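Comments concern the structure below.
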Amino acid sequence: MTPSWLYLLPFVLLANPTQAQLPLIPIPAKMERMEGSFPLSQSTFIQFPSQVEGIGDLVSGLKTWISAFPKPGAGQKHNMLAFRQTPNIKNPEGYRLLVSPQEIRIEFVEPVGAFYALMTLRQLADSLGNVPCVSIEDEPRFTYRGMHLDVARHFFPVDFIKKYIDQLAAHKMNYFHWHLTDDQGWRIEIKKYPKLQEISAFRKETLIGHYSEQPHRFDGQRYGGYYTQEEIREVVRYAQERFVTIVPEIEMPGHAQAVLAAYPELSCHGNPVEVATTWGVFEDVLCPKEETFEFLENVLLEVMDLFPGPYIHIGGDECPKVQWKESPFCQELIAREGLTNEEGLQSYFIRRIDQFLTDHSRKLIGWDEILQGGLSPNATVMSWRGTEGGIAAARAGHDAIMAPTSHCYFDYYQSRRPSEPVAIGGFTPLEKVYSFEPVPAELSPEEARHILGAQGNVWTEYIATPEQVEYMAFPRAFALAEVLWSPAEGPELREFSGPAKSPFAEIESPLRPAFVRHRV
Ligand code: ACM
């Protein structure tokens, strides 16, 4: 429980504005508040190095934003916002933001730093454009600051995906993991395989209520959809403009029942199956035959053409081995390749895809089950069943991204209120997320360098609308954003307090965080 006296704190701080907590999430690495403020207005002069690629676009966004602020009153002097590129900022994502009553100066080394300075500025400014005087020197703690969204169990429109990306960028998160395929639906247009759109993208109905409720009931409504390649390109461009890299996920060899509904010849048995209408883990999985690899490679060629980022996520989680055990083909392959068992076959599967992606200058990410039977040479592990997978990967010299269910699953309940909408289960309240330490204490400093960061996951079995995604993802994602950006040990004890109680709470801004943190 937050002590009730804490709620009075902002009013105490209000008496001394230089000590008031600024409404910033994530909190900058170094920040000093000073007297006074700078009035941003539509006539603020903007000076920028136009030769630096990308800065012009940031300035046009800035001009649109400040055009909403009032003109300066008569007698008020013109003021300036200046961008300066400087080699003495070491972190490419780092920036300095210096606000005095006459001038705002943004120092950066790469455009992404200037972008983050602007995100900070947007959180600082009030609705009239007044920016408190501050000196901020900022850089992220981790290079991978991610959020995931499952669009397979439920499908969300492009406009919402953009809104989600806006929120990530506003809180300085830089990876969007787009979970595009699963048993219940295939959501990305692949021109070479039209049945993925015609068949895999739609299920005949959907389970009603929680999976544990028996008997299962269904809504009888056909459900589905997919993003066209044109829409995907538009989202990729939109994310790039906000310095967010998209990690597309194409699930294999498990969680692929929707594929088998269209192309049953890619299973070991070849029998007809349907796009799944319930949740869980299904035994119908891809068979590691040449035909399957040819299919997957052709799919990945189109995926790589659409997504320019370094990473391709290939799933790899929750692949039951029942059909591989029963398949003479798989057993022969295990013998021929000298593999120990079906886990070795999973490793063989992932290694082949890893080689293909590496040959195309991309990096494979997989859920921690890709450790089964031996990790493929270039793989990055996304650790979800606790942090053990990430620890094992880092110890083996591989990169890892932490996304343990304990702290990073935002499809879990966030409170014990009886009014909570039905969720998958679990309990991950905001404070738990905020308490997350992505680097396990048992790693040496050398091993710890392989922990690139962490990611919040939003699985959507029980999340059918954009509004509910927002309810589940935020503010927990903002707490994670701060875990990943801000220094591990701040100079003061910090509390991420829940609904805004600060003097800034009344102020509306399109990118204002819904929550503020208090110094205690
Ligand atoms: C997962 O939650 N199956 C990665």
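Sorted by accessible area (1.4 Å probe), largest first, how do 484, 452 line up? Could you put the intermediate results ahead of the total?
Values: 484 0, 452 25 Å².
Heavy-atom accessible area, descending, gives 452, 484.
Over region 256-362, with a single point scatterer placed on each C-alpha, what log10 of the ratio I(q)/I(0) does the Debye formula yield at q = 0.10, 0.11, 0.17, 0.23 1/Å?
Rounded to two decimals, the profile gives -0.30, -0.36, -0.87, -1.37.
Using alpha carbons only, how many degrees (0 to 90, rounded to 10) separate the axis of helix 328-337 from the longest principal axis of the chain?
Tilt relative to the chain: about 70 degrees.
Go ahead and run the numbers for FRET between residue 57 and residue 432, Cβ-Cβ distance against an R0 of 60 Å, rounding to 0.05.
Working: r = 38 Å, r/R0 = 0.63.
It comes to 0.95.
Could you please report the charge total around residue 79, scoring K, R as +1 and D, E as -1 over all other residues with beta-carbon less than 12 angstrom from its beta-carbon? The partial results should precede the final answer.
Working: positive: 77, 105; negative: 103.
Value of the local net charge: +1.
So what is the relative contact order for region 166-235, in percent, with contacts set as C-alpha pairs under 8 Å and at least six apart? All intermediate terms of the calculation are to be shown ahead of the outcome.
Numbers: 77 pairs, mean separation 19.2, N = 70.
After rounding, I find 27 percent.
When the scattering of region 189-298 is computed by the Debye formula from its Cα atoms alone, each counted once and equally, what is log10 I(q)/I(0) at q = 0.15, 0.20 Å⁻¹?
Computed log10 I(q)/I(0) values: -0.79, -1.13.
Could you tell me whether region 84-177 comes out rounded, prolate or oblate from its Cα gyration tensor? Rule is a ≥ b ≥ c as square roots of the eigenvalues, rounded for a/c under 1.5, then prolate if a/b exceeds b/c, otherwise oblate.
oblate
For the chain, with only Lys/Arg (+1) and Asp/Glu (-1) charged at the beta-carbon, what is the dipole magnitude about the Cα centre, in debye rounded to 20?
Working: 47 positive and 67 negative charges, 363 e Å.
In debye, rounded to 20, the chain gives about 1740.
Sort 37, 419, 383 from largest to smallest accessible area, using a 1.4 Å probe on the heavy atoms of the protein chains.
On the way: 37 55, 419 90, 383 0 Å².
Largest accessible area first, the list is 419, 37, 383.
Return, in residue-number order, each cysteine of the chain whose C-beta is not under 4.7 Å from any other cysteine's C-beta.
Result for the chain is 133, 319, 330, 408, no neighbouring Cys Cβ within the cutoff.
Provide the packing ranking of 211-221, 300-310, i.e. peptides ordered by the mean count of other C-beta atoms within 10 Å per residue, highest first.
Result, highest mean Cβ count within 10 Å first: 300-310, 211-221.
Over the chain, give the accessible area per residue in Å² for a 1.4 Å probe, as an integer.
Spelled out: the 1.4 Å probe surface of the chain, per residue, equals 41 Å².
Could you state the angle between the C-alpha long axis of helix 290-306 and the longest principal axis of the C-alpha atoms of the chain, as a value from 0 to 90 degrees rounded to the nearest 10?
Long axis of 290-306 versus the principal axis of the chain: about 20 degrees.
For every helix of n ≥ 4 consecutive DSSP H residues, a contribution of -39,500 (n - 2.57) applies; sum these over the chain, divide by its total residues, and give [θ] at 222 nm rounded to the nearest 500 deg cm²/dmol.
Value at 222 nm, helices only: -8500 deg cm²/dmol.
Could you sort the peptides 432-439, 259-266 by per-residue average Cβ neighbour count (10 Å cutoff), highest mean leading? Mind dumping the intermediate values first?
Numbers: 432-439: 19.2, 259-266: 20.8.
Packing proxy ranking, top to bottom: 259-266, 432-439.
Residues with beta-carbon under 10 Å from that of residue 101, excluding residue 101: net charge, scoring Lys, Arg +1 and Asp, Glu -1?
-1
Quick check: with the 1.4 Å probe, what order do 183, 359 take by accessible area, largest first? Don't skip to the end; give the middle numbers.
Values: 183 0, 359 100 Å².
Ranked from most to least accessible, the order is 359, 183.
Output needed for region 183-222: three equivalent-ellipsoid semi-axes, defined as square roots of 5 times the C-alpha gyration tensor eigenvalues, in descending order, whole Å. The partial results should precede the final answer.
Details: eigenvalues 151, 17, 7 Å².
Values for region 183-222, descending: 27, 9, 6 Å.
Once the other residues with Cβ under 12 Å from the Cβ of residue 476 are scored (Lys, Arg +1; Asp, Glu -1), what is the net sum?
It works out to a net charge of -3.
From the gyration tensor of the Cα coordinates in the chain, what semi-axes in whole Å does the equivalent ellipsoid have, largest first, with each one equal to sqrt(5λ)? Numbers along the way, then the final one.
On the way: eigenvalues 389, 115, 101 Å².
Ellipsoid half-lengths, sorted descending, are 44, 24, 22 Å.
Share of Cα-Cα pairs in region 397-481 beyond 19 Å, in percent?
41
Tally the DSSP beta bridges in the chain and give the antiparallel ones as a percent, rounded to 5.
Taking every DSSP beta bridge within the chain, about 40 percent pair in antiparallel fashion.
Tell me the angle of helix 111-124 to the major Cα principal axis of the chain, expressed in degrees between 0 and 90 and rounded to the nearest ten.
Between the helix axis and the principal axis of the chain, the angle is about 60 degrees.
Which residue, 130, 428, 220, has the largest displacement toward the positive end of the dipole of the chain when charges sit on each Cβ (Lys, Arg +1; Asp, Glu -1)?
Checking the options against the dipole of the chain, the answer is 130.
Pairs of Cα atoms under 8 Å, at least six residues apart: use those to get the relative contact order of the chain, whole percent.
For the chain, the relative contact order is 15 percent.
About the Cα centre, and with charges only on the beta carbon of Lys, Arg (+1) and Asp, Glu (-1), how big is the dipole of region 166-279? Nearest 20 debye, please.
Computed charge dipole of region 166-279: roughly 160 debye.
Would you mind telling me the share, in percent, of accessible area of the chain contributed by carbon and sulfur at probe 1.4 angstrom?
Whole-percent figure for carbon plus sulfur exposure: 53.
The values are calculated or read from the model by the stated rules, or taken from the named source; none is laboratory data. These figures come from a predicted structure and were not determined experimentally. Cβ sites come from the backbone with ideal geometry, for glycine too, and all protein chains shown count toward neighbours. Only protein heavy atoms, including side chains, enter the accessible area calculation; ligands, DNA and RNA are left aside. Shrake-Rupley method; radii C 1.70, N 1.55, O 1.52, S 1.80 Å.
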